[in-house]
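Note sheet for the following structure.
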Amino acid sequence: MTTSPIPVTPRAVHPPTGPFPWIGLIALSGTVFLSISSEMIPTGLLPEMSASLGVSPSQIGLLVTVFAFTVVLSSAPLTALTGKIPRHALMVAVLTLLGVSNLLTALAPTYELVLMTRVLGGLAHGLFWALVPAYSAHLVDREHLARAVSITLAGGTIALVLGVPLGTALGQAVGWRWAFAAIALALFLGVLAVILWLPPVERDKPVHADAASRRDPTILAVGLLCVTVAVVMIGNYTFYTFIAPYLIDRLGVAPEYLSAVLFAIGAAGALGLVLAGTVFGRHTSAGLVIGLAVTAVGAGIAAVATQVLWVSLGGIVLWGVAFGLVPPLLQTRLLHTASSRIRDTASAFYTTAFNVGIGGGALVGALLLDWRGLEALPIATIVLVIAGLIVVLLSIRVTRRGTNRRAR
């Protein structure tokens with residue numbers, strides 16, 4: 001089964017030799033953990049931040065939107081501007097800036113200043129995610145690409161398993177500002193880990209996005225994949241951004257158990273990540289179809305079974321499994337699709353699409369929350385995820401037709 005609309009073998013500048021780079025990939029995964037924890041912590045602390053800053057829950061949700069849309073607007077331009085900077089040095093600088101932004105969030109006295117610090121964090125986050133996928137691809141050959149991506153993105157899943165729940169518990173215990181301060185400290189320690197354990201890599205020759213789109217035959221396939229990513233992530237984050245009030249106000253989960261439920265959702269995502277790197281590592285298309293279908297089913301159960309807590313929570317956990325399964329498969333598909341010379345640019349496009357999904361989902365969720373209430377959120381997830389599933393099925397059909405023609 002092919003894993004991309006146009007079969008292309010991504011190659012590192014110098015194909016890696018020697019043992020599998022576990023230490024480097026684990027260090028990279030740790031930075032992903034910290035970055036995702038930084039981005040998503042407002043979802044767990046939404047009630048506390050809303051009360052402390054004197055704004056509505058939907059306005060706190062918009063902090064996620066502002067963060068994500070900053071990434072959307074800045075990722076590709078910053079990637080182009082920093083193309084000549086060594087990747088390792090750039091990673092250190094980006095993580096330092098992200099730590100500073102979280103420290104400033106912890107100190108900001110007003111909602112407006114918190115908003116500004118999130119913009120600063122979004123600038124760093126966008127460049128970080130343009131670096132990470134290509135960085136991991138430089139460390140391994142094609143045969144180990146799916147495993148490398150799964151290890152790297154495991155940090156994001158662990159952030160949902162541990163980072164967001166622990167940050168939520170800390171924020172509930174001693175105040176939300178301490179949660180951001182703790183993330184800032186962890187990021188500064190992450191900078192030290194990168195300096196010590198993440199090996200430098202050679203960068204690809206920079207290719208301007210406009211030039212790449214004119215000359216590289218894989219750019220259309222990358223674009224289609226990015227549209228799929230945006231649609232699916234809008235659906236997921238419409239629901240996930242406001243998961244805390246949904247659990248408390250819609251399902252009746254006691255606030256003191258919120259972090260435990262978030263932990264369960266994150267653990268389900270970890271299971272999905274394991275499936276992505278093992279069962280579906282060589283069957284990306286099948287994994288995507290199954291993952292998107294399970295996402296819709298899980299959200300549907302959460303929507304219709306609200307009177308039976310354990311059934312609804314079971315649906316949310318099922319949705320969590322798919323939430324962990326789908327992103328790494330999409331990321332792997334991107335790295336197989338994009339040619340090696342536009343890998344950094346394609347990663348920037350992917351980052352843009354993913355954060356259109358995060359920010360767009362938070363925005364759609366905020367609008368639906370004020371207009372139709374919490375019950376509308378999982379319904380929106382179902383509709384948009386099914387739309388993404390249709391696009392994936394169409395792309396698979398086109399791929400098979402192309403393969404059959406070449407076989408003839």
For Ser339, the residues 5 or more places away or on another chain with a placed amide H closer than 5 Å to its own amide H are Thr218
Sequence order, the range 175-185: Karplus ³J(HN,Hα) from phi using 6.51 cos²θ - 1.76 cosθ + 1.60, θ = phi - 60°, Hz rounded, Gly and Pro as x, gives x, 5, 5, 5, 5, 5, 5, 5, 5, 4, 4
One finds, for Val227 and Val279 with R0 = 30 angstrom and r their Cβ-Cβ distance, a FRET efficiency to the nearest 0.05 of 0.70
GNM on the chain, Cα springs under 10 Å; top mean-square fluctuation among Ala221, Ala182, Ala254 goes to Ala254
The ³J(HN,Hα) series, computed from each phi in the range 83-92 with the Karplus coefficients 6.51, -1.76 and 1.60 at θ = phi - 60°, rounded to the nearest Hz and given as x for glycine or proline, is x, 8, 7, x, 4, 5, 5, 5, 4, 4
Residues Val149, Val140 in order from fewest to most other beta-carbon atoms within 10 Å are Val140, Val149
When Glu48, Glu39 are arranged by how many other beta-carbons sit within 10 Å of their Cβ, fewest first, they go Glu48, Glu39
Computed over the chain, the relative contact order (Cα-Cα under 8 Å, seq sep at least six) in percent reads 30
Along the range 320-336, Karplus-curve 3J(HN,Hα) (6.51, -1.76, 1.60; θ = phi - 60°) to the nearest Hz, with x for Gly and Pro, reads x, 4, 5, 4, x, 6, 5, x, x, 5, 5, 5, 4, 4, 4, 5, 6
Exposure proxy check on Tyr237, Tyr350: fewest-to-most Cβ neighbours within 10 Å is Tyr350, Tyr237
Note to self: C-alpha centroids of the range 47-91 and the range 131-188 sit apart, in Å, by 15
So, with points 7 Å from each Cα along the Cβ direction, the Ala93-Leu394 label distance in nm works out to 4.1
The base-10 log of I(q)/I(0) that the Debye equation returns for the chain at q = 0.08, 0.11 Å⁻¹, one scatterer per C-alpha, is -0.38, -0.74
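Every number here is computed from the coordinates shown, using simple stated rules; none is lab data. Computed from a predicted structure; not experimentally measured. Note that each Cβ is placed from the backbone with ideal geometry, even for glycine, and that neighbours are counted across all protein chains shown.
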